[in-house]
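The values are calculated or read from the model by the stated rules, or taken from the named source; none is laboratory data. None of the values given here were measured: they were computed from a predicted structure. Cβ coordinates were reconstructed from backbone atoms using ideal geometry, including for glycine residues, and neighbour counts include every protein chain displayed.
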Amino acid sequence: MEIYSLKQARTINKLRVLNTIRFEPGVTRNMISEKTGLDPSTVTKLVNEMKKKKMIYERGILPSKLGRHSKRLYVNKDFSKAIVVDLGVTHSIVGISFFDGSVEVVDEFDTPDTPEECFRVLTEKVSKFPGVFPLIVIGVPGSVDKSHKKLAFAPNLNRWRDIDVDKYFKVFEVYLENDANLAALAEMMRNKHFGDRKNIVYILVREGIGGGIIIEGKLYKGSFNAAGEIGHMKMYDRGPCFCGRVGCWEANTSISHCVHQYEKKKTLPGNTMYEKFEMLCRMYEEDPLAKEVLDEFTGILIDGIVNLVNILSPEIVIVGGEGVFLPESVFEVIVSETRRQVHPMDKEVSVEKGSLSNKEVVLEGTSILSSMMISERLV
């Protein structure tokens, strides 16, 4: 059991109140008290302190039949701003993160082949935004070390390994996080269908396959900060993987694999792998080759999902990233076959598409994480 000083406990409680307002905008003091278990008088004191600092504000009322109407509370989005980045395998996005956790895309670029050129381009773009909080959160398609400043291994980024990203940014504190973990965080905070479910597997379908694992409401990272590398489960004896092995799940079921399979015979319209995969999904009903490729993709995707459900027994599996493009008829097969094939104790598992678009989900996660980290420094 951890023991906190009075000052530490007060800071923790203030963050609980602030994050409740951040992720449930329009809540009232009484609602915060009910959700956090904090005494109403404590909530009022903490709210007043943050109002005085202009971190939060009141707008509108919640009518009540008994007693006074309750005032609704919101986070002041402009209280602080920071840079966030979704570093993709082929395409990267730069955003401005606001204090309420929202994000605005401000730039995009094709990801260079080398880390030196990539971070040279990125530092140049970041320098265009003076006055932001000196923190940059970057979502990366690979594993990061425990300091969250070094990219340990990103097989799909030309096998980048042991990249000290911190050295490229002189005036910013750097924080790296795996892209699938960020996507899982975004879904957990933004997806209203979650309800009280706390055990979740998020599958990020991109050029590779990433996983974010949430156990009892907390992101699980494992002993070495590398949990969730689900794309590198060995499942078959075919398919060379960028990690150096053969038969990994993502080597047989990523969007890159799908597009390459189709383009062995026909050309897909689109400038990026994402655009081509989206078009492939749209052509499913009319194009026999598209149907053949996606049906194979679906079968392999189901194999992996069933394995994950049997191992982790989650309440819900979210298929996100480019997985949101899958036709509804295909997704219905994924749901029914997963439930048919899993262990009998797990047949009530929910399998759903991500609620956030492929373009916004990782960036949304970086913004949520950034706003929470900045809050810890400012409350």
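Okay, here's what the table says:
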read-out	value
1 or more residues loosely packed, with under 15 Cβ neighbours inside 10 Å and in contact with a Lys or Arg (Cβ under 7 Å, 6 or more places away or on another chain): qualifying helices (runs of 4 or more DSSP H) within region 1-119	40-52
Any hit, region 300-307, residues being touching a residue at least 40 places away in the same chain (Cβ under 8 Å), in the same structural domain as residue 255 (by TED's automatic domain parsing) and β-branched (Val, Ile, Thr)	yes
In region 88-106, the residues that are closer than 11 Å to residue 139 by Cβ and touching a Ser or Thr at 6+ places or on another chain (Cβ under 7 Å)	88, 92, 95
Region 347-363, subset of a type in the set (A, V, I, L, M) and more than 16 Å from residue 330 (Cβ to Cβ), residue surrounded by the most Cβ atoms within 10 Å (Cβ to Cβ)	362
Any hit, region 188-211, residues being small (Gly, Ala, Ser), assigned to a strand (DSSP E or B), modelled with pLDDT of 95 or more and over 23 Å from residue 100 (Cα atoms)	yes
Residue match in region 339-347 (condition: in a loop (DSSP other than H, G, I, E, B), free of Cβ contacts under 8 Å to residues at least 24 places away in the same chain and over 22 Å from residue 207 (Cβ atoms))	yes
Within region 13-33, tally of residues that are under 20 Å from the mean Cα position of the chain (by Cα) and touching a residue at least 24 places away in the same chain (Cβ under 8 Å)	3
From 173, 177, 104, residue being closer than 16 Å to residue 370 by Cα, in contact with a Gly (Cβ under 7 Å, 6 or more places away or on another chain) and without any contact (Cβ under 8 Å) to a residue 40 or more places away in the chain	104
Any hit, region 303-324, residues being closer than 27 Å to residue 182 by Cα, acidic (Asp, Glu) and loosely packed, with under 14 Cβ neighbours inside 10 Å	no
Single condition residue 213 does not satisfy, out of (1) out of contact with any Gly (no Cβ under 9 Å at 6 or more places or on another chain); (2) assigned by TED's automatic domain parsing to the domain that holds residue 304; (3) buried (at least 20 other Cβ atoms within 10 Å of the Cβ)	(1)
Condition check for residue 165: within 20 Å of residue 368 (Cα to Cα), among the aliphatic types (A, V, I, L, M) and over 13 Å from the mean Cα position of the chain (by Cα)	no
